[in-house]
1. Among the residues of the range 192-211 satisfying the criterion of being at pLDDT 90 or above and not in a helix (DSSP H, G or I), which is most open to solvent (accessible area, probe 1.4 Å)?
2. Sort out which residues of the range 60-74 are buried (at least 17 other Cβ atoms within 10 Å of the Cβ) and more than 12 Å from residue 40 (Cβ to Cβ), and write them in order of number.
3. Which fully enclosed helices (runs of 4 or more DSSP H) of the range 212-283 have 3 or more residues being under 28 Å from residue 154 (Cβ atoms)?
4. Need pairs with beta-carbon distance below 9 Å; first residue closer than 15 Å to residue 203 by Cβ and without any contact (Cβ under 8 Å) to a residue 60 or more places away in the chain and within the range 213-240, second of a type in the set (Ser, Thr, Tyr) and open to solvent by less than 40 Å² (accessible area, probe 1.4 Å); sequence gap 6+ or separate chains.
5. Which residue is most open to solvent (accessible area, probe 1.4 Å), if the candidates are limited to the range 9-29 and must be free of Cβ contacts under 8 Å to residues at least 12 places away in the same chain and of a type in the set (A, V, I, L, M, F, W, C)?
6. Here are 70, 113: which of them is over 23 Å from residue 220 (Cβ atoms), touching a Gly at 6+ places or on another chain (Cβ under 8 Å) and at pLDDT 65 or above?
7. Looking only at the range 261-275, count how many residues are charged (D, E, K, R) and free of Cβ contacts under 8 Å to residues at least 40 places away in the same chain.
Amino acid sequence: MLPLARWVMRGTPQAAGAAALAAIVPWLFWFSAAVAALVTLRLGLSSALVVIIAAAVPAGWWWSQGDVIPLASLLLVTLMATVLRARMRWSEALIIGALVGAVMIQLGIFLPPGGAGPLLEQLQQSSPEIERMLSQLNEQGVATEQLAGLLIGGVTGLIVLLAAVACLALARSWQAGLYNPGGFRSEFHALRLTVKELALLVGLGVIGMVLALPALAMLTWVPLLVSGVALIHGFVGLKGMNKLWLVAFYILLLTTWPMILIVLLLGFIDTFADFRGRMARSQ
């Protein structure tokens, strides 16, 4: 895809056209967001506004049709690209992205038109077991519509944030391939949360639980997860291991919850232990 990224960076018309066209096509929103992020990373937010608007117009049309993911992904990845360009720290960009994603969930942006009520009615009509379960929850005083809305909004918001992180990584890899070969690999391998950043994430999670803002608790672990993934990449790179190990790792990460918990734990411990720094010094 690097030749395509090279063509996109020839000028604003090419970048704006590619971003707009990809945003129109269903399930190509990720390419549109990555193009906007690439231009933002390379030229800055003000120079990238034309490209961002070109991508936002068709993405906004999809929003009017009930699909919020393209526009939300574009906004998140543009925000994180701006922070990454200004601060040169992945951890800060991820934390800002998680915070804004949590705000989107709390505002109900990811709920379907009409809220979760119509969906619950359809589920009740389609399955007597679900209707019985929802009736039991109502008898126990559980606000089932509010719970369903939180689940729908939370899962959608999580998907959007992860998609935005992936688009940002893709754009950063394009930028490195075009202007700084090998730069993205070393930058991502070095990604590690500082103690202050980890404390901030823990504090935000606690605040979310205390103040009944579950979206904070749902998304603040994403930067820690990405840090753990970077640790695995760095370990494989330092040891010179076959890339198939990374393929196996991602298969386990996408299919098993225990692997996600292990990666989170590794990212947490690495904040204090700095495994990659120790391995580099030993070699």
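1. Looking at the filtered set, the residue picked out is 192.
2. Looking only at the range 60-74, we keep the residues that are buried (at least 17 other Cβ atoms within 10 Å of the Cβ), and these are 62, 68-74.
Residues satisfying the conditions are 62, 68, 69, 70, 71, 72, 73.
3. Numbers: elements: 214-219, 222-239, 244-255, 257-273, 275-282.
Those helices (runs of 4 or more DSSP H) span 214-219, 222-239, 244-255, 257-273.
4. Pairs that qualify, where the first residue is closer than 15 Å to residue 203 by Cβ and without any contact (Cβ under 8 Å) to a residue 60 or more places away in the chain and the partner is of a type in the set (Ser, Thr, Tyr) and open to solvent by less than 40 Å² (accessible area, probe 1.4 Å), are 224/271.
5. Within the range 9-29, the match that is most open to solvent (accessible area, probe 1.4 Å) is 27.
6. When all the criteria are applied, what remains is 113.
7. Here the count works out to 0.
Here's the yes/no breakdown for (1) farther than 22 Å from residue 186 by Cα; (2) open to solvent by 10 Å² or more (accessible area, probe 1.4 Å); (3) within 13 Å of the chain's Cα centre (by Cα):
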site: 45; (1), (2), (3): yes, yes, no
site: 51; (1), (2), (3): yes, no, no
site: 55; (1), (2), (3): yes, no, no
site: 81; (1), (2), (3): no, no, yes
site: 86; (1), (2), (3): no, yes, no
site: 91; (1), (2), (3): no, no, yes
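The values are calculated or read from the model by the stated rules, or taken from the named source; none is laboratory data. Owing to the predicted nature of the structure, the values given are computational and were not obtained by experimental measurement. Ideal geometry is used to build each Cβ from the backbone, glycine not excepted, and the neighbour counts take in all protein chains shown. Ligands, DNA and RNA are stripped out before the accessible areas are found, and what is left, the full protein with its side chains, is counted by its heavy atoms. Shrake-Rupley method; radii C 1.70, N 1.55, O 1.52, S 1.80 Å.
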